[in-house]
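Have a look at the structure below, then the notes.
The values are calculated or read from the model by the stated rules, or taken from the named source; none is laboratory data. All of these numbers come straight from a predicted model, not from anything done at the bench. Don't worry about glycine lacking a Cβ; one is built from the backbone with ideal geometry, like all the others, and counts go over all protein chains shown. Ligands, DNA and RNA are stripped out before the accessible areas are found, and what is left, the full protein with its side chains, is counted by its heavy atoms. Shrake-Rupley method; radii C 1.70, N 1.55, O 1.52, S 1.80 Å.
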Amino acid sequence: MANTFFAEGSTGPGRLTLSNGATDVFFDVLTLAGCAIAETPWQRHLALFCADGHRLDRGCAGFDLGELPWTPDWPAEKSFFLRLIDMAATRHGWDLLRYEPPYASNYLAAYRRMVDGYRPVPAESSEAGDWREPPAPELLERCDTHHIYQGQFGCRLCDPELQPEPSTR
Ligand SMILES: [Zn+2]
């Protein structure tokens, strides 16, 4: 099982396919970074999107960047997304992971090129909702151990079902 992330129209790579285990790692490291730096409603929604990523939607967690609810303020939103990826690439919070992710830097570098080459288009509406509205406060409650948002499904780093086996990192 695998998940494919798309950046249709990007001048960088157009897709990134990750195994389920690698997808867990990908969202783990993005969540650790995003929850540390998100300040605006849109930014918090993006961090929550990562925190909730690949939880119930096992093997179907891929998405196109065009599915995110970009607004007319998309230049700032895109630059935040790049900053989030850059923060993850600094291994922010990786000491909290119960595994060592040797390939995560590669996914992050590939995904950064996808996002960097992508030109968002403001969405009329999105299945992801309106990210200009603040998320529900309970979704932003943080895990005492991992300091990340609990999101819809509880802390992803506390979820023993989720943490990848050593062989699939
Ligand atoms: Zn936790």
Check: Looking only at the stretch 117-134, which residues are surrounded by fewer than 16 Cβ atoms within 10 Å (Cβ to Cβ) and over 13 Å from G66 (Cα atoms)?
Finding: G129, D130, R132, E133, P134
Checklist line | Odd one out for P137, checked against (1) within 25 Å of L65 (Cβ to Cβ); (2) more than 16 Å from the ligand (Cβ to nearest atom) | finding: (1)
Item checked: the stretch 32-53, residues that are in a loop (DSSP other than H, G, I, E, B) and either modelled with pLDDT under 95 or open to solvent by 20 Å² or more (accessible area, probe 1.4 Å) (or both) -> E39, T40, D52
Notebook entry, point to check: Looking at this structure, is P102 at pLDDT 95 or above, away from the ligand (no atom under 16 Å from the Cβ) and either in contact with a Cys (Cβ under 6 Å, 6 or more places away or on another chain) or not in a helix (DSSP H, G or I) (or both)?
Noted result: no
Check: For F26, all conditions in the list (1) of a type outside the set (V, I, T); (2) part of a helix (DSSP H, G or I); (3) without any contact (Cβ under 8 Å) to a residue 60 or more places away in the chain; (4) touching a Leu at 6+ places or on another chain (Cβ under 7 Å) hold save one; what is the number of the exception?
Finding: (3)
Note to self: Condition check: open to solvent by less than 10 Å² (accessible area, probe 1.4 Å) and within 9 Å of the chain's Cα centre (by Cα). Does T23 satisfy that?
What the structure shows: no
